[in-house]
Protein chains: 2
Amino acid sequence: MLIVGELINASRKRMRQAIGEADAAYVAQVAADQARAGADYIDVNAGTFVEREAELLPWLVETVQAEAGAPCCLDSPSPRAVRDALAVHRGQALVNSISLEAERWQELMPVVAGSGCRIVALCMSDQGMPETADQRLAIADKLIEGLTKEGFALEDIFVDPLVQPVATNVAYGPEFLQAVERIMAGWPGVHTICGLSNISYGLPARKVLNHTFLAMAVGRGLDAAIINPLDQRLVAMLRAAEALAGRDAFCGGYLQAYRAGLLEG
Amino acid sequence: MLIVGELINASRKRMRQAIGEADAAYVAQVAADQARAGADYIDVNAGTFVEREAELLPWLVETVQAEAGAPCCLDSPSPRAVRDALAVHRGQALVNSISLEAERWQELMPVVAGSGCRIVALCMSDQGMPETADQRLAIADKLIEGLTKEGFALEDIFVDPLVQPVATNVAYGPEFLQAVERIMAGWPGVHTICGLSNISYGLPARKVLNHTFLAMAVGRGLDAAIINPLDQRLVAMLRAAEALAGRDAFCGGYLQAYRAGLLEG
């Protein structure tokens with residue numbers, strides 16, 4: 001299971017303040033905390049600064065990597081910000097994200113192709129968000145075909161089938177889960193990834209929905225997630241889900257997490 | 001989701017004492033608490049008393065039903081205890097359990113056939129516990145065929161594919177989950193049920209494994225579970241899982257549970 005730590009995001013009030021004030025110590029601390037808790041990538045997002053994003057994203061990368069060493073997930077729709085962040089990034093970055101939207105593809109592809117990065121591919125097209133598993137599969141097919149043509153290995157592609165709120169349509173849960181299973185079966189080696197919070201939009205007690213959905217998705221093959229790695233209950237559930245899905249030989253990862261004290265709470 | 005409340009079980013120390021002392025008030029209280037928390041059936045088990053089981057099981061049924069009104073799950077391997085408990089049970093009982101073991105089948109069938117009860121059918125045969133999904137399906141096929149021949153409707157059959165510990169074999173999780181999905185797809189109307197604790201046998205921090213596995217199983221179609229309904233976190237997760245699996249129209253059950261305060265904690 002690949003964990004992308006989501007906490008360095010300018011949409012969070014305290015983090016926005018730290019980024020605005022160039023408070024490297026705070027950013028570095030949150031990066032280190034997430035890496036210690038098991039994050040494989042540290043997400044960096046300066047999206048709410050709009051005009052300054054191309055300046056702030058590289059600064060975030062340098063600040064994070066100086067402290068935590070971990071690779072970053074460059075979370076930006078701006079090709080310029082991604083380009084400048086990639087230029088200072090050490091190791092293999094994960095770029096979040098490309099989609100099948102023509103403009104996004106045309107602008108971002110020259111930045112990422114051949115750069116050696118990994119990439120999140122959203123199941124979104126100029127026709128909008130997909131509703132069914134079939135629609136997600138059709139978009140994933142084109143995304144994977146296009147990305148492999150541009151030189152990306154399947155192992156470097158993370159397909160995000162896009163979670164939609166079950167409060168809107170109760171079929172959205174199973175359609176997403178089925179898409180995960182079919183993508184993982186259809187392109188061996190490719191990864192699937194998702195954020196969680198959309199699933200529970202419009203419902204109360206959202207955390208239990210988010211966490212439960214993640215366990216169900218891991219049970220269908222999801223092997224990466226953008227989460228708060230400091231949420232010990234969620235991480236414990238993730239490690240458990242991996243063992244229960246048969247993807248943790250001898251439950252070694254689970255036992256290691258237990259010994260590291262990550263399954264408490 | 002059908003919940004069988006597991007707390008009235010003589011293998012629990014305090015409950016054994018209450019049963020031994022014919023402490024009806026305590027038994028009735030635990031029954032009422034479980035019914036209030038959403039249990040559809042109250043499990044009654046006097047198994048550790050061996051010699052007195054056929055006397056104590058009917059007493060438990062009467063004590064539970066006098067207080068909670070809910071139907072009982074008669075949890076006993078003894079045909080005599082089941083027969084005498086069924087004789088005093090009001091409404092439709094769930095008998096736990098029959099299996100494909102020849103002796104068990106021959107002794108229990110005359111007691112349950114035509115009695116109007118529902119039945120848990122364990123995927124176990126004289127060849128022992130199944131390991132793979134295929135083995136579970138083969139046993140389920142024979143169980144369902146035999147039970148329908150004896151007059152049981154599919155809706156009254158609860159197949160238990162039998163959870164085995166992932167610490168023994170990491171394939172046990174996925175094989176069970178696959179069996180749930182295939183049984184639910186293969187016999188529309190039939191139910192699947194399970195207890196949880198075996199899955200985590202031999203591992204630390206068992207609760208997170210048990211709870212996570214339940215969510216994953218509900219995601220594959222499991223529609224009944226033998227659990228502690230006073231564990232609010234587990235019940236919250238179950239209600240969430242049902243909505244996320246697309247089996248809760250307009251998230252109505254989830255919202256109702258929320259309004260009843262069952263999703264807190």
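Each value in this text was obtained by applying a stated rule to the coordinates, not by laboratory testing. A quick note: this is a predicted structure, and the numbers were derived from the prediction, not measured. When we count neighbours, we look across all protein chains shown, and the Cβ atoms used for this are built from the backbone with ideal geometry, even at glycine.
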**Request:** Step through the residues of the stretch A:126-131 one at a time and calculate ³J(HN,Hα) from phi using the Karplus curve (6.51 cos²θ - 1.76 cosθ + 1.60, θ = phi - 60°), rounding each to whole Hz and writing x for Gly and Pro.
**Result:** 5, 8, x, 6, x, 10
**Item:** Of all chain B residues, the one whose C-beta is nearest the axis that brings B onto A, in angstrom
**Value:** B:Ala215, 2
**Asked** What's the average, rounded to a whole number, of partner chain beta-carbon atoms within 10 Å of each residue's beta-carbon in A:166-174?
**Response** 5
**Complete:** Here, A:Met129 and A:Gln92, labelled 7 Å along Cα→Cβ, have an inter-label distance in nm of 3.1
**Message:** Residue by residue through the stretch B:153-168, what is 3J(HN,Hα) from phi via Karplus (6.51 cos²θ - 1.76 cosθ + 1.60, θ = phi - 60°)? Round to whole Hz and write x for glycine and proline.
**Reply:** 6, 3, 5, 9, 10, 10, 7, 9, x, 6, 6, 10, x, 5, 5, 7
**Request:** Work through the residues other than B:Ala205 whose Cβ is under 10 Å from its Cβ and net out their charges, Lys, Arg +1 and Asp, Glu -1.
**Result:** +2
**Asked** If you count, for each residue, the other Cβ atoms within 10 Å and average over each peptide, how do B:205-213, A:59-67 line up from highest to lowest?
**Response** B:205-213, A:59-67
**Message:** Counting only other residues whose beta carbon sits under 9 Å from that of A:Glu175, what net charge do I get with K and R as +1, D and E as -1?
**Reply:** -1
**Request:** One decimal, nm, shortest first: give the distances between the label point of B:Lys207 and those of the same position in the other copies, each label point 7 Å from Cα along Cα→Cβ.
**Result:** 1.4
**Prompt:** What does the average come to when, for each residue of peptide B:148-159, you count the partner chain Cβ atoms lying within 10 Å of its Cβ?
**Reply:** 0
**Request:** Tell me, rounded to the nearest percent, the portion of alpha carbon pairs in the stretch A:99-248 spaced more than 24 Å apart.
**Result:** 32
**Request:** Run the numbers on chain B and let me know its relative contact order in percent, using alpha-carbon pairs under 8 Å that are six or more apart.
**Result:** 16
**Asked** R0 = 56 Å: FRET efficiency of A:Gln232 with B:Ala113, Cβ-based, nearest 0.05?
**Response** 0.65
**Message:** Would any residue of the stretch A:24-44 have its amide N under 16 Å from a label point 7 Å out along Cα→Cβ of A:Gln256? List them or say none.
**Reply:** A:35-41
**For chain A, the Rg and Dmax computed from alpha carbons only, in angstrom** = 17.7, 50
**Request:** First select every other residue whose beta carbon is under 12 angstrom from the beta carbon of B:Ala28; then total the charges, Lys and Arg +1, Asp and Glu -1.
**Result:** -4
**Extension gain (nm, one decimal) between A:Glu55 and A:Ala25, 0.36 nm per residue minus Cα-Cα** = 9.0 nm
**Asked** Which ³J(HN,Hα) values, rounded to whole Hz and listed in residue order, are derived for the stretch B:113-123 from phi using the Karplus coefficients 6.51, -1.76 and 1.60 in 6.51 cos²θ - 1.76 cosθ + 1.60 with θ = phi - 60°, glycine and proline given as x?
**Response** 4, x, 7, x, 7, 9, 9, 8, 10, 6, 6
**Fill in**
Rounded to a whole number, the mean other protein chain Cβ count within 10 angstrom for residues of A:77-90 is 0
**Complete:** Given A:13-22, B:6-15, A:75-84, the highest-first ranking by average Cβ count within 10 Å works out to A:75-84, B:6-15, A:13-22
**Prompt:** Rounded to the nearest whole Å³, what is the per residue volume of the convex hull around the Cα atoms of the protein assembly as shown?
**Reply:** 148
**Item:** Calculated FRET efficiency for the pair A:Arg206/B:Ser197, C-beta based, R₀ 22 Å, to 0.05
**Value:** 0.15
